[in-house]
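What follows is a set of notes on a single structure, which appears directly below.
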Amino acid sequence: MIKPAERLDTVQEYYFSKKLREVRGLAAAGKPIINMGIGSPDLQPPTQVLEAIQGSLNDASAHKYQSYQGLPELRSAISVFYKNKFSVDTNSENEILPLMGSKEGIMHISMAFLNEGDKVLIPNPGYPTYTSVTKLVGAKPLFYNLSDATNWQPDFKNLEAQDLTDVKIMWVNYPHMPTGTDATLETFQKLVAFGKKYNILIINDNPYSFILNDKPISILQVEGAKDIALELNSLSKTFNMAGWRVGMVLGNANYINEILKVKSNMDSGMFYGIQKGAIEALRLSDDWFLAQNKIYEERRSLIWQLADKLEATYSKNATGLFVWAKIPEGKKSEDITDSVLYDNDIFITPGTIFGSQGEGYIRFSLCVESEVIKEAISRL
């Protein structure tokens, strides 16, 4: 038996990888499981996107290795999208790098900027991959707590009270996952100022801006943000293309070039047809978002009813693909979710998988048809 690398001692198999295996096992045993745990869009990608990938398959370059930087047309489409949706100007030649999903970008950025022993500010609660990647590259996570008391925004007084020596990167994620809280321009301005003051690279992970959100914003809207900030984005949630693995990172050309040094040694370019489909997605009108959000609004109102059955409370101002709900005082998140899974055959996510600040909360996904949500309500 070959001994695995010591870095694997710092991480565990991803929660959803393990839990979904258990859920599939229950379903295989005949349990009528309703999966409300994971944010994998169940709706179809836009018709134009599907037609674009199908129509590209006979192009002369369709099946060759592709550019490490993506098709020029894709980078241009991303640049135009950011200009139209966020009023952010970018140079498509050197300030945009397409990625095989933004999750890939978390690893690439970390490998590009972190040395062993560097520290990384990570939100609690937050996306678990920030922590696992930090550990895999030999850096140290330094958690900063978010809470309902501050509307899940960073507490800059507490941040500055910490020992920020050796902190190299700060992960932020707005609209926030798992809580659905939107950022404000003021928060982004404070983050940029904080990054400049302490020489910390600020990275906003931004895949939920157009889901149930009337006012999408980007950290790159802040004047001078490119000096110290990057933004990750993705087509997974917005365009129902999670399995396509299309993401992007935008920012200062010097930062992008450092990330490219890692990326170009890790993959051989994104499949041509996927890039062609992504271009069409980015060119869609606002009618696409309106139609998607009408479906999600209906589902969300039903999820609220489901949360009510569990005596959980929630914000009706939250955005994104999830409903984040506070359970009654004295109860534990995993006790609630296990009870609902084993007694009612409904899989929802305990808040604790996102960090200690998630205790006392549960998360519901909106990636479930309305009729299925009604069935879940009837089981409680």
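Computed from the coordinates by the stated procedures, all read-outs in this text should not be read as laboratory data. Owing to the predicted nature of the structure, the values given are computational and were not obtained by experimental measurement. Note that we place each Cβ from the backbone using ideal geometry, even for glycine, and neighbour counts take in every protein chain shown.
Data overview
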item	result
Neighbourhood charge, 10 Å Cβ-Cβ cut-off, centred on GLY251 and excluding it, Lys, Arg +1 and Asp, Glu -1	-2
Local net charge near GLU73, Cβ-Cβ under 14 Å (Lys/Arg +1, Asp/Glu -1)	0
Tensor-based shape of the range 188-283 (alpha-carbon gyration tensor, a/c under 1.5 rounded, otherwise prolate or oblate)	oblate
For THR319, residues with placed amide H under 5 Å, excluding near neighbours	THR181, ASP182
Listed residues GLY320, GLY358, GLY30, most fluctuating in the chain (Gaussian network, C-alpha, under 10 Å)	GLY30
Cα gyration tensor shape for the range 149-194, rounded if a/c is under 1.5, else prolate or oblate	prolate
Counting DSSP beta bridges with both ends in the chain, the antiparallel % (nearest 5)	50
Nearby lysines by direct alpha-carbon distance to LYS261 (threshold 20 angstrom, same-chain neighbours under 8 apart not counted)	LYS103, LYS168, LYS226
Loop GluC sites (Glu not before Pro), the range 62-129, which have at most 16 other Cβ atoms in a 10 Å radius of their Cβ (DSSP)	GLU93, GLU116
Qualifying aspartates and glutamates (Cα of each under 12 Å from Cα of LYS332; at least 8 residues distant if same chain)	GLU359
Neighbour count of at most 13 Cβ within 10 Å plus DSSP loop: longest chymotrypsin sites (Phe, Trp or Tyr not before Pro)-free window in the chain	66-380
Cα-based equivalent ellipsoid, the range 1-155: semi-axes from gyration tensor eigenvalues, Å	32, 26, 21
Reciprocal of mean inverse Cα separation for the range 246-380 (Kirkwood radius, Å)	18.0
Calculated FRET value between GLU73 and SER40, using beta carbons and R₀ = 25 Å, to 0.05	0.35
Simple spin-label estimate for GLU6 and ILE377 in nanometres, 7 Å along Cα-Cβ	5.5
The range 300-380 - convex hull of the alpha-carbon atoms, volume per residue in Å³	87
Cα pair distances of the chain binned at 20 Å [whole percent]	28, 59, 13, 0
Cα-Cα over 28 Å, subset of LYS19/LYS276; LYS140/LYS190; LYS237/LYS331; LYS190/LYS316	LYS19/LYS276; LYS237/LYS331
Separation in nanometres of the label points that stand 7 Å from Cα toward Cβ, at ASP338 and GLN48	4.9
Highest-fluctuation residue, ILE211, ILE274, ILE362 considered, GNM on the chain with Cα pairs under 10 Å	ILE274
Mean separation of Cα contacts under 8 Å (6+ apart) over length of the chain, as relative contact order %	25
SER285-GLU116 FRET efficiency (beta carbon distance; Förster radius 51 Å; 0.05 resolution)	0.60
